[in-house]
Amino acid sequence: MHLSSTIRRATLALAACLLLCIRTDDAPAGVILNTLQGYDSGDVGWTGGLDGLFSGSGGNTERILLSAGGRIQWRGERDRWRLQMSGGYEESGREVTARNIVNHLRHNRDISPAWTTITFLQVQSNPFQRLESRWLLGTGLRRDLAEDEEGSLALGLTPMLEVERLDGESGHTTRGRLSVFLHAARDLSKTTRIDAVVFWQPLFSDFTVSRTVANVTLAVEVNGHVDLKVGAAVEDNARPAEGVKRTDWNTFVGLGWDF
């Protein structure tokens, strides 16, 4: 099968799976960070990007929604360093209804045309999941399954250490997880690109206790540096903290600026 066809089918399949997984009985929550979006940028040196969304309403319904994110990357001949940050804030009727912050630092090193190492540190906070802090430290490998000028398909495997502190509980919990991801990106036209990723993260001690995170983004180029972005994200925790719903999801429309 031609690489373009393989990548296109995998990307659309990931996007379809994500949309089917969204459970509409749960309310939208904060930003879920796609830590792999833009990975296939091969530009050597410094590159980066900013994403933003603001929405507000008044009168009978008072609501403010702010979502922002950014990434900065340095790429050499074999090494790539990336820092990503993302946050979301929502206020309805002067009551805060969502707040989420994610910071992610990642290093990749090409060890062959198809294999790349992964090392990352991630810190997350979300009081609406009773999550005071969650630290993730992982190292593993990424395998490029298919790649051409129009897109890519990759599989990753990363054991990681998780240190989690929950609101209302003393101390912290330390445990090991496996992180498996499938990432697909595809140019649908000269100005339109779809990017989809699914992470599955089970505990080493019990694979039925898992966390699934997925994100799909459709970017339409407005000019050479600005994109209109539309997408959806979902996070499902098989064993959430007491009083926390199992699934968080959100849809988004905003602008992205690459530099």
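Readers should treat all values here as calculations from the given coordinates under stated rules, not as data from a laboratory. Being a predicted model, the structure only gives us computed values, none of them experimental. Heads up, the Cβs are rebuilt from the backbone with ideal geometry, glycines too, and the neighbour counts pull from every protein chain shown.
Using modelled amide H (1.01 Å from N, peptide plane; none on Pro or chain starts), what sits under 5 Å from the amide H of Asp167, excluding residues fewer than 5 places away?
It is Leu131, Glu132, by chain and number.
What list of ³J(HN,Hα) values in whole Hz, one per residue of the stretch 67-76 in order, does the Karplus curve 6.51 cos²θ - 1.76 cosθ + 1.60 (θ = phi - 60°) give from phi, with Gly and Pro shown as x?
Each residue's phi maps through the Karplus curve to give 9, 8, x, x, 8, 9, 9, 10, 10, x Hz.
Loop only by DSSP, 16 or fewer other Cβ within 10 Å of the Cβ. Give me the trypsin sites (Lys or Arg not before Pro) in the stretch 218-259 that pass, ordered by residue number. If you can, show how the numbers build up before the last one.
Values: sites: Lys229, Lys245, Arg246; in loops: Lys245, Arg246.
Listed in order of number, the matching sites are Lys245, Arg246.
Which residue, Asn108, Tyr89, Gly224, has the largest displacement toward the positive end of the dipole of the chain when charges sit on each Cβ (Lys, Arg +1; Asp, Glu -1)?
Of the listed residues, the answer is Asn108.
Once amide H atoms are placed 1.01 Å from N in the peptide plane, what residues at a sequence separation of 5 or more from Asn100, or on another chain, have their amide H within under 5 Å of its amide H?
For Asn100, the qualifying residues are Val31, Gly88.
So what's the back-of-envelope 222 nm ellipticity for the chain, counting only DSSP H runs of four-plus at -39500 (n - 2.57) apiece and dividing by all residues, rounded to 500?
Estimated from H runs of four or more residues: -2500 deg cm²/dmol.
Scan around Glu62 for amide H atoms under 5 Å from its own, H built in the peptide plane at 1.01 Å from N, and keep only partners 5 or more places away or cross-chain.
Amide H neighbours of Glu62, under 5 Å, 5+ apart: Gly93.
Please give the per residue volume of the convex hull enclosing the alpha carbon atoms of the chain, rounded to a whole number of Å³. Don't skip to the end; give the middle numbers.
Working: hull volume 35.4 nm³, N = 259.
Hull volume normalised by residue count: 137 Å³.
Given +1 on the Cβ of Lys and Arg, -1 on the Cβ of Asp and Glu, and no further charges, what dipole in debye does the chain carry about its Cα centre, rounded to the nearest 20? Numbers along the way, then the final one.
On the way: 28 positive and 32 negative charges, 79 e Å.
My answer is approximately 380 debye.
Looking at the stretch 180-216, which chymotrypsin sites (Phe, Trp or Tyr not before Pro) are in a loop (DSSP not H, G, I, E or B) and have at most 14 other Cβ atoms within 10 Å? Could the numbers behind the result be given before it?
Numbers: sites: Phe181, Phe199, Trp200, Phe204, Phe207; in loops: Phe204, Phe207.
Here the sparse-neighbourhood loop sites are Phe204, Phe207.
Would you mind calculating the relative contact order of the chain from Cα pairs under 8 angstrom and at least 6 residues apart, reporting the percent as a whole number?
Working: 674 pairs, mean separation 46.4, N = 259.
Once divided by the residue count of the chain, the mean separation gives 18 percent.
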